[in-house]
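Some notes on the structure that comes next.
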Amino acid sequence: MPQAATAVAERPTDVSARHSSGSDFAPLLRAVRARGLLEQRTGWYVRSIAANAAALAAVGAGLFAIGHSWWVLLLAPVLSVFCARTAFIGHDAGHSQITSNRTVARLIGLFHGNLLLGMSVGWWNDKHNRHHANPNHTGKDPDVAADVLVFTARQARFRLGFRRWLTRNQAWLFFPLTLLQGIAMKVYGFRDLRRQSRRERAVEGPLLVIHLLGYVTLLLTAMPLGHALAFAALHQALFGLHLGMAFAPNHKGMEMPDPHGERWGHLKRQVLTSRNIRGGALTDWFLGGLNYQIEHHLFPSMPRPHLRLAQPMVRAHCHAVGMSYAQTGLVDSYRQVLRHMYEVGEPLRVE
């Protein structure tokens, strides 16, 4: 997901200034920088953006070509996949992976997030920056705040009514609930407009409305109403599922720092709370590079194609300083996530 360039996630140069003195992270930062892995890959991103735009245009043409047939529903999963790619591009722009020019990065984020997806970069920026600063830290990371799901036994104890039932069954409901994630993120974006400054709201609000009107107009122009309703439901559900499949393995079930315990350094805070996913080029493409979650959290502005190059260096460094480095297969990562969700809800099932 894109991140507004007005408050871009902490870049490695910022990290080094804060943590380099006498830290376990400083030698790794120097080695990564010496390899040129923090240098941008603008050409790679230009090709990726162009390919994604061409794919979206091809799907759009396909809607008009077969929109009056129920076969058009076969394009919904295809569109959901390339919408996820659109979100990944916006996410990278927000982290200054594509360009260090904040104005350009913001424009890329607004185009891919607000306009193409109807997802507010301002809302995501506020949420995502806090997540990167303190991943898996209850009370500080909004991604582990008690909401529809809970992530700690303490959070589970305070659940009442319908939410208590949700917590008891959250392991079984986790992936079905992600079917609603795409719609939910759009709703959160509209709600967040009240928090934004008047200047931000004047840009983001109209783009969100244009997306909504454009999406409805596209579907109703390309196909009958019944087809359009079915297509929209399938597309949005699969888009949410795809995002859920990309985000779920990253931190859930990993270490959760004690909010009242010792303050962890940058290396420990980012490595022990993150999980990498093994795989090749297909995994990298499907997960948008988020399968290198440890490297991404250590070096948020590192271009996506460099993450896999930095991985051996990071893993070796963690081994050298005696720090665990979590990496597993995609299916096993989901098993670990669901097991954690099941264990959190266990006390409520044995009352």
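The values are calculated or read from the model by the stated rules, or taken from the named source; none is laboratory data. Values in this document were obtained by computation on a predicted structure and should not be read as measured data. Virtual Cβ from ideal backbone geometry, glycine too; neighbours counted across all protein chains shown.
Just name the residue that is farthest from Asn250 (Cα to Cα) out of those in region 133-171 that are among the aliphatic types (A, V, I, L, M) and part of a loop (DSSP other than H, G, I, E, B).
The selected residue is Leu160.
Residue check: is Leu225 modelled with pLDDT of 95 or more, crowded, with 17+ Cβ neighbours inside 10 Å and within 30 Å of Phe64 (Cα to Cα)?
So Leu225 does not fit the description; no.
Which residue is nearest to Ala84 (Cα to Cα), if the candidates are limited to region 276-302 and must be crowded, with 19+ Cβ neighbours inside 10 Å and among the aliphatic types (A, V, I, L, M)?
For region 276-302, the residue satisfying everything is Leu287.
Suppose we filter Trp123, Trp70, Trp44 for residues that are in contact (Cβ under 8 Å) with a residue 12 or more places away in the chain, touching a Gly at 6+ places or on another chain (Cβ under 8 Å) and not small (Gly, Ala, Ser); which single one remains?
The unique qualifying residue is Trp123.
If I ask for residues that are assigned to a helix (DSSP H, G or I), small (Gly, Ala, Ser) and within 14 Å of the chain's Cα centre (by Cα), which ones from region 105-130 would you list?
Across region 105-130, the qualifying residues are Gly109, Gly113.
Yes/no matrix, rows are residues, columns are (1) closer than 19 Å to Leu29 by Cβ; (2) at pLDDT 95 or above:
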{"position": "Leu241", "(1), (2)": "no, yes"}
{"position": "Gly253", "(1), (2)": "no, no"}
{"position": "Gly261", "(1), (2)": "no, no"}
{"position": "Leu287", "(1), (2)": "no, yes"}
{"position": "Ile294", "(1), (2)": "yes, yes"}
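Is region 137-147 home to any residue that is within 18 Å of Met341 (Cα to Cα), surrounded by fewer than 16 Cβ atoms within 10 Å (Cβ to Cβ) and among the hydrophobic types (A, V, I, L, M, F, W, C)?
yes
Condition (residue is basic (Lys, Arg) and in contact (Cβ under 8 Å) with a residue 60 or more places away in the chain) applied to region 162-173: is it met by at least one residue?
yes
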